[in-house]
Amino acid sequence: AAEALEKQKKQTEKERAASARAAAFRAAQHASLPPEPEPDPDKNVGDVYRARFALPDGTTRTRRFRASDPLAAAFAFVRALGGAGEREAFDLVTRFPRAVIREPSGEGVARETVGGCEAFVAAAASGGALFVERGA
């Protein structure tokens, strides 16, 4: 019985440590986000995009991005919400017409912008959701 209790205690400690790591990762992702632009009816519509994200747990979250924000910021936003883990690959997908937005990597991280991604712009303009599709 003492052995089982010790094993359970170690498992609980591992779970707490994993939870703390995940929380720290989400906080770091949130801190990496560019400032969210304020809604401004006088601004050019093409300058700010309001995107709706459908997360794997069934919830949706909305955030505004500037056209000049890196596309990687949209992926960081999903991770900050817990929609994907630290090493978990995922795509952002529109339903109809289906378009897949892959996470920028390598040199593309700095180069690709929200405003330069046609599928992101189309989803934001239509009010459609960007679905998080894991296992990309």
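The values are calculated or read from the model by the stated rules, or taken from the named source; none is laboratory data. Not measured: the values here are computed from a predicted model. Please note: Cβ atoms are built from the backbone with ideal geometry, for glycine as well, and neighbour counts cover all protein chains shown. These accessible areas exclude ligands, DNA and RNA; they are computed on the full protein's heavy atoms, side chains included. Shrake-Rupley method; radii C 1.70, N 1.55, O 1.52, S 1.80 Å.
Kindly check whether there is at least one residue in region 110-121 that is free of Cβ contacts under 8 Å to residues at least 60 places away in the same chain, assigned to a loop (DSSP other than H, G, I, E, B) and under 10 Å from the mean Cα position of the chain (by Cα). No, region 110-121 has no match at all. If a residue has to be part of a loop (DSSP other than H, G, I, E, B) and within 23 Å of Ser19 (Cβ to Cβ) to count, how many in region 45-88 make the cut? Qualifying residue count, region 45-88: 13. Considered as a group, the residues in region 89-103 that are part of a loop (DSSP other than H, G, I, E, B) and touching a strand residue (DSSP E or B) at 6+ places or on another chain (Cβ under 9 Å) include one that is nearest to Arg26 (Cα to Cα), and that residue is Ala89.
Out of region 94-135, which residues are among the polar types (S, T, N, Q), open to solvent by 60 Å² or more (accessible area, probe 1.4 Å) and under 17 Å from Ala73 (Cα atoms)?
Listed by number, the list holds a single entry, Ser105.
Is it fair to say Phe75 is aromatic (Phe, Trp, Tyr) and within 15 Å of Arg61 (Cα to Cα)? When the stated conditions are applied, Phe75 passes them. All of Glu15, Glu36 fail the test of being open to solvent by 70 Å² or more (accessible area, probe 1.4 Å) and either outside any loop (DSSP other than H, G, I, E, B) or among the small types (Gly, Ala, Ser) (or both), apart from Glu15. Among the residues of region 54-67, the one identified as under 17 Å from Pro39 (Cβ atoms) and among the hydroxyl-bearing types (Ser, Thr, Tyr) is Thr62. Could you tell me which residue of region 55-69 is farthest from Cys117 (Cα to Cα), considering only residues that are surrounded by fewer than 20 Cβ atoms within 10 Å (Cβ to Cβ) and either touching a residue at least 40 places away in the same chain (Cβ under 8 Å) or of a type in the set (Gly, Ala, Ser) (or both)? Within region 55-69, the match that is farthest from Cys117 (Cα to Cα) is Gly58.
If we scan region 106-127, do we find a residue that is at pLDDT 85 or above and of a type in the set (Lys, Arg)? The answer is no, given that none of the residues of region 106-127 is at pLDDT 85 or above and of a type in the set (Lys, Arg).
Taking the listed residues Gly46, Gly85, Gly58, the one that is at pLDDT below 85 and within 26 Å of Gly135 (Cβ to Cβ) is Gly85, with no other qualifying.
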